[in-house]
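What follows is a set of notes on a single structure, which appears directly below.
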């Protein structure tokens, strides 16, 4: 997986969001509300394996479509789908705001893996197997 931007962990790109969805997906074997539905499994996992430098406008268009469909899952994982779809730069946080929770391994809220990495702002696609 690609290294996330260290300067602002809340910033996510279209490939980041698609990779997260793929990491929570079991290939539509169960209806659990995590990952892609049966109609998007193949294209979603295919996009997730593409390196960032390969993504062109067609890939981004497919990814944006998936983000629009699965926006609730992404919001629950700490992503901001509206900002991703608009390709907005990261939001500035006020200096007085309390720091976000400490990054580290935590119990996976999706239930797909035993632990999922919390980067201090949102859940990432990095998991440990059961």
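Please treat every number below as a calculation from the coordinates, not as lab data. Not measured: the values here are computed from a predicted model. In this analysis, Cβ positions are derived from the backbone assuming ideal geometry, glycine residues included, and neighbour counts consider all displayed protein chains.
If only residues of region 121-130 that are in a loop (DSSP other than H, G, I, E, B) and under 14 Å from the mean Cα position of the chain (by Cα) are counted, the one that is surrounded by the most Cβ atoms within 10 Å (Cβ to Cβ) is 122. Scanning region 68-83 for residues that are surrounded by fewer than 21 Cβ atoms within 10 Å (Cβ to Cβ) and within 12 Å of the chain's Cα centre (by Cα) yields a count of 7.
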